[in-house]
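Below is one structure, written out as structure tokens; comments come after it.
The values are calculated or read from the model by the stated rules, or taken from the named source; none is laboratory data. Please read these numbers as outputs of a predicted model, since none were measured by experiment. No Cβ is skipped: glycine too gets one built from the backbone with ideal geometry, and neighbour counts run over all protein chains shown.
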Amino acid sequence: MKRSPMPAWLRAVLLSDPFWRLLPTPAIVYLNRALVTTPVEVPAIPKSEWSQRERRALLNRSEDRLRNIEGKGPGLAAVTAVVAAAVLLALTGWGESEWLARVLLALASLYLALSICTPLYLVGPLTRNTLTVEDLQQAAGDPDPDELLAQKSAEYAARNDLQNIRLANHLDAARREPSYALALVIVWALLVPVTGVLRLERAASKPSAPWTHVPGVRRHWSPRLGSEGQ
């Protein structure tokens, strides 16, 4: 079944800079699906020794960039875990919080959940395009094996670079979201007296009407305090 086209105004909103700054990961997911979809087409290059060498080097460099992105996964996961600990600690005050504090904690939890997606994906090995035994077997039966392998290397490098761009977009979003979550927790901590986290403690620490006047008796403890009259 053919999908109906997305309205132009909605597409403009999803691709806008404010939406990207507000919800980085959802914005990047749509951006990658809408725009970053096709690898660069390899142009016609002369069949010379230098061009074959450079096309093979393109594949090596694209794989190096992919390995560098893979290496950023554990570090990003460690940073996210530290922010997650701060958010979880703040969530212990959810029951005693008023609506303003709950809004801040809910937003921090949302950004934290979004920031976990990319590190979890980068924990394992990423799919990469590279020369295989099948490519070598095909080149062995070709009249110009060096040119065939060089052309395949350039095509695989273009596919790897497309994946590198998509992953780099996700990394940028995943770096922003923990900072958003941490900023919200800091604001929550600074606004504790306003948000009502200590509301019940303040009410318990402040006695209400400890003395009541009873005719014929000089002073009497309030029955709520559990003491006898005097």
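Annotations
- Members of the stretch 43-78 found to be in contact with a helix residue (DSSP H, G or I) (Cβ under 8 Å, 6 or more places away or on another chain) and within 15 Å of His170 (Cβ to Cβ), listed by number: Arg65, Leu66, Ile69, Glu70, Lys72, Gly73, Leu76, Ala77
- Odd one out for Pro125 among (1) in a helix (DSSP H, G or I); (2) touching a residue at least 12 places away in the same chain (Cβ under 8 Å): (1)
- Unmet requirement for Val87, which otherwise passes all of (1) of a type outside the set (Lys, Arg); (2) more than 30 Å from Val42 (Cβ to Cβ); (3) surrounded by fewer than 16 Cβ atoms within 10 Å (Cβ to Cβ); (4) touching a residue at least 24 places away in the same chain (Cβ under 8 Å): (3)
- Test for Pro143: is it exposed (fewer than 14 other Cβ atoms within 10 Å of the Cβ), within 30 Å of Ile45 (Cβ to Cβ) and at pLDDT 55 or above: yes
- Of the residues making up the stretch 93-129, those that are more than 22 Å from Ile28 (Cβ to Cβ) and among the charged types (D, E, K, R) are Glu96, Glu98, Arg102.
- Those residues of the stretch 137-162 which are acidic (Asp, Glu) and more than 32 Å from the chain's Cα centre (by Cα), in sequence order: Asp142, Asp144, Asp146, Glu147
The rows are residues; the columns are (1) acidic (Asp, Glu); (2) closer than 21 Å to Ile165 by Cα; (3) out of contact with any strand residue (DSSP E or B) (no Cβ under 9 Å at 6 or more places or on another chain).
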{"position": "Leu59", "(1), (2), (3)": "no, yes, yes"}
{"position": "Thr92", "(1), (2), (3)": "no, no, yes"}
{"position": "Glu96", "(1), (2), (3)": "yes, no, yes"}
{"position": "Ala108", "(1), (2), (3)": "no, no, yes"}
{"position": "Pro125", "(1), (2), (3)": "no, yes, yes"}
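- The stretch 156-178 - residue that is aliphatic (A, V, I, L, M) and crowded, with 21+ Cβ neighbours inside 10 Å and, of those, nearest to Cys117 (Cα to Cα): Ala174
- Selected residue (only one of Ala157, Ala173 is at pLDDT 90 or above and under 19 Å from Tyr121 (Cβ atoms)): Ala173
- Residues of the stretch 128-154 that are touching a helix residue (DSSP H, G or I) at 6+ places or on another chain (Cβ under 9 Å), of a type outside the set (A, V, I, L, M, F, W, C) and assigned to a helix (DSSP H, G or I): Asp135, Gln138, Pro145, Asp146, Glu147, Gln151, Lys152, Ser153.
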